[in-house]
């Protein structure tokens, strides 16, 4: 029973995709699948093959080998059936810029097979959802970048697809607009399988339930964002701002705690400069915050601040995608 | 078919969303009139027919139709909308047909706007209106062939200037293939039947038959199959090379 549910909820299945552009291997054996309810963040340096993979998944480009199934339909063998299940926002959100927002969305709805009253309802609902009411009658080329991106997004969700493929959906948006788009994605997430590419690591934390990192056309990491954090050098490091204690004695006391690798002074604390800031780095990402706070209590130090690092995703990202220097 | 219609409608309205429609129609009608009245010596000939008017169409189309067709696919490529269009649930054939038909209808509207010439000739004399209808029909068919060539070549590049120049050159080849310019190239080495074949590909030969009022099925089949062939090549060109 559990197995059957699992298979049914698997909406995208990608098997050993390979794609060359001339001598360049853009995609080199990528496989993964996405279930309903998952928001898969697709990460990687520029040119790693993110967009190419998405173009293959949505049926724009043919793969050299490998296969893609969307809701069980093979994108190469049965492209129309597969494309009906997909909503796609291509990189840069290309739009027919001489059309008005309304005309463009009606065109998209028409292609999706909605006519008459149904078409009006779909367009109106989507427009309300991504807040395009104010620009409905404007030609798209007069819109701001944020509105254009939202028109692109509207086009992709108009038919309420099971699978949503978004290539950098928040690129070029201001923080408020990013927030709105992310809320929209989170809201739709339970009913869909969503693949979104981004080079913003904060986005992975904000909306993704899973992060796949690719580099030079291969998957180099696949897991929950939490797992990525755990791989960061600074994971579970504790930063303390103390008062009423000499830096040296505090360091010595903290360094003695089990599991602590090193303690470094990261600056003075407080407005008068009388305090001290220490960073306690654990061995192998162990959780040491409880122990550290026990030591603090025992010594009766005054605590101005205590912060546990989750670990910076940038560090992990760089560590796994940077070219391997040992080999060259 | 429903998809062809949706794409057709979008494309056709697209012409009127920009100044393209008005510039194209204005220039087409003005040039058709000027060519006929002045260069064609309409008044000097003092014959109540439109032979001169239609006679200029192949040359008028030679640069106007590639200008209309050059944006069909090259623009989609440049703007990246080709990715949007071809990831929607439409087949390549539907997309190619929708765009072609929109451009063709647009040409038909431009052609229809030359009606003052028809009125003039009827006012001045007593022409054979059957021949004129045949002329319009032939002209429209020929315009379709030019458009299909232009559409196909537009699908090969993202650069509209290249699309224009190459389309015009290919169209010129088809216009001239009944003339010594082209035939001599083949005549030097090719067997006579091949020269005959090349000669029979000429737009001019088939078009001139029609504007004489002789609507021969073969001429219609000629233009129709030329359109079908180039649109088929258009689909192939997109399949092979849509990403670039």
Filter the stretch B:83-99 for residues that are assigned to a helix (DSSP H, G or I), over 19 Å from the mean Cα position of the chain (by Cα) and under 15 Å from residue B:236 (Cα atoms) and give the result.
B:86, B:92, B:93, B:94
Which of the residues that make up the stretch A:30-57 are closer than 16 Å to residue A:87 by Cβ and out of contact with any helix residue (DSSP H, G or I) (no Cβ under 6 Å at 6 or more places or on another chain)?
A:34, A:38, A:40, A:54, A:55, A:57
Selection within the stretch B:6-22 - in a helix (DSSP H, G or I), surrounded by fewer than 20 Cβ atoms within 10 Å (Cβ to Cβ) and more than 8 Å from every other protein chain (Cβ to nearest Cβ):
B:12, B:16, B:20, B:21, B:22
Does residue A:50 count as at the interface with another protein chain (Cβ under 10 Å from one of its Cβ atoms) and either over 21 Å from the mean Cα position of the chain (by Cα) or at negative phi (or both)?
no
Condition first: within 13 Å of residue A:161 (Cβ to Cβ) and either in a loop (DSSP other than H, G, I, E, B) or more than 7 Å from chain B (Cβ to nearest Cβ) (or both). Now tell me which residues in the stretch A:87-107 satisfy that.
A:87, A:89
Unique residue being in contact with a strand residue (DSSP E or B) (Cβ under 6 Å, 6 or more places away or on another chain) and surrounded by 22 or more Cβ atoms within 10 Å (Cβ to Cβ) when the list is B:36, B:87, B:107
B:87
Counting only residues that are closer than 14 Å to residue B:238 by Cα and free of Cβ contacts under 8 Å to residues at least 60 places away in the same chain, which one in the stretch B:63-80 is surrounded by the most Cβ atoms within 10 Å (Cβ to Cβ)?
B:76
Selection from the stretch B:110-135 of residues that are within 13 Å of residue B:25 (Cα to Cα) and surrounded by 18 or more Cβ atoms within 10 Å (Cβ to Cβ)
B:110, B:111, B:114
Right, residue A:22: without any contact (Cβ under 8 Å) to a residue 12 or more places away in the chain, more than 25 Å from residue A:111 (Cβ to Cβ) and either within 14 Å of chain B (Cβ to nearest Cβ) or surrounded by fewer than 16 Cβ atoms within 10 Å (Cβ to Cβ) (or both) or not?
yes
I'd like to know if the stretch A:89-100 contains one or more residues that are touching a strand residue (DSSP E or B) at 6+ places or on another chain (Cβ under 8 Å) and crowded, with 22+ Cβ neighbours inside 10 Å.
yes
Among the listed residues A:68, A:34, A:127, identify the single one that is more than 10 Å from every other protein chain (Cβ to nearest Cβ) and in a helix (DSSP H, G or I).
A:127
So, residue A:113, is that one facing another protein chain (nearest Cβ under 9 Å) and more than 24 Å from the chain's Cα centre (by Cα) or not?
yes
Would you mind telling me which numbered condition in (1) away from chain A (no Cβ under 14 Å); (2) more than 15 Å from the chain's Cα centre (by Cα); (3) free of Cβ contacts under 8 Å to residues at least 40 places away in the same chain residue B:60 fails?
(2)
Of (1) within 27 Å of residue A:71 (Cβ to Cβ); (2) modelled with pLDDT under 95, residue A:86 satisfies all except one. Which?
(2)
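The values are calculated or read from the model by the stated rules, or taken from the named source; none is laboratory data. What you see is a predicted model; the values in this text were computed from it and never measured. When we count neighbours, we look across all protein chains shown, and the Cβ atoms used for this are built from the backbone with ideal geometry, even at glycine.
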